[in-house]
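J.: Structure below; questions to follow.
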Amino acid sequence: MHYDTLCCIISIYTVNISKRGEENIRILDYLYPSRCPVCGDIISPRQHIVCPGCVNTFQVIKEPKCLKCGKPLEQEEQEYCFDCTKINYHYNRGYALWVYDKNVRKSIANFKFHNRREYSKYYIQEILHYYKKEIITISPEVLIPVPLHKSKLKERGFNQADLLARGIGESVGIPVVEDYLMRCNKTKAQKRLNDRERAKNLYGAFEVNPSYSTAPFAKVMLVDDIYTTGSTIDACAEVLLRTGVKEIYFISLSIGKGY
Ligand SMILES: [Zn+2]
Ligand SMILES: [Zn+2]
């Protein structure tokens, strides 16, 4: 059926039942179904952002956690994870919401690669529920989403980290600066590389937008969706320090385990 004909039929039908709001919602559900970020099924009723039965599926990171990167630790008496005792990261401190397990991995992959932008509502809500207090206490001057290379942005249509940063920023009243950092060379997918290869792959991957002369802020919070070895966040932090930023924090939707 021709697209215009379909739209015409839908609009006539919508007008006919416009007095019955419920019916309209059902049509919207049919045309643009909202999916659950956990199980991927269509959510009903539409105003929910996650199925009631899926609410506690993702593992929220609890104490003990690493004082530097926020990874969950195995033992109470540990202060830092294995990586943070070995590596001297450029950032000050970071926080993460969920353990990056197979459920979270699937959800984020659908969010990014299958354009499930509606998942961001649940992600933002949960980040704020667990970390609003910390973000307000740190009170960074700006939130900086980890940038995508512009060809990747074009292909995907949105930057997942930017979407998260905007939701967080709106709620806590902190501006988002998405054009300060730029991803300059096209890096290889990090997944198949080992730690050393990852760090090397990211060296020189970020730079500051030349339209800024000096950093107009001293304290920033980076925002990203996944923290695994920390090399992406740290490559950003290194560039920020070089341009005069003094304190760098991060918030990540998910993180690997610290053991
Ligand atoms: Zn569900
Ligand atoms: Zn750590």
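J.: Output yes when any residue across the stretch 135-155 is small (Gly, Ala, Ser), surrounded by 15 or more Cβ atoms within 10 Å (Cβ to Cβ) and touching a residue at least 40 places away in the same chain (Cβ under 8 Å), and no when none is.
T.: The answer is no; no qualifying residue exists.
J.: Here is a further query. For SER18, indicate whether it is within 16 Å of ligand 1 (Cβ to nearest atom), at pLDDT below 95, small (Gly, Ala, Ser) and not in a helix (DSSP H, G or I).
T.: no
J.: Right, next: Using the structure shown, decide if GLY70 is at positive phi and either surrounded by 13 or more Cβ atoms within 10 Å (Cβ to Cβ) or within 11 Å of ligand 2 (Cβ to nearest atom) (or both).
T.: Against the criterion (at positive phi and either surrounded by 13 or more Cβ atoms within 10 Å (Cβ to Cβ) or within 11 Å of ligand 2 (Cβ to nearest atom) (or both)), GLY70 qualifies.
J.: Considering the stretch 224-248 alone, what residues qualify as being assigned to a loop (DSSP other than H, G, I, E, B), crowded, with 21+ Cβ neighbours inside 10 Å and touching a strand residue (DSSP E or B) at 6+ places or on another chain (Cβ under 6 Å)?
T.: Listed by number, the list holds a single entry, VAL245.
J.: Of all the helices (runs of 4 or more DSSP H) wholly in the stretch 116-221, which have at least 3 residues that are at pLDDT 95 or above?
T.: 119-138, 160-172
The values are calculated or read from the model by the stated rules, or taken from the named source; none is laboratory data. These figures come from a predicted structure and were not determined experimentally. All Cβ positions, glycine included, derive from the backbone under ideal geometry; neighbour counts span all protein chains shown.
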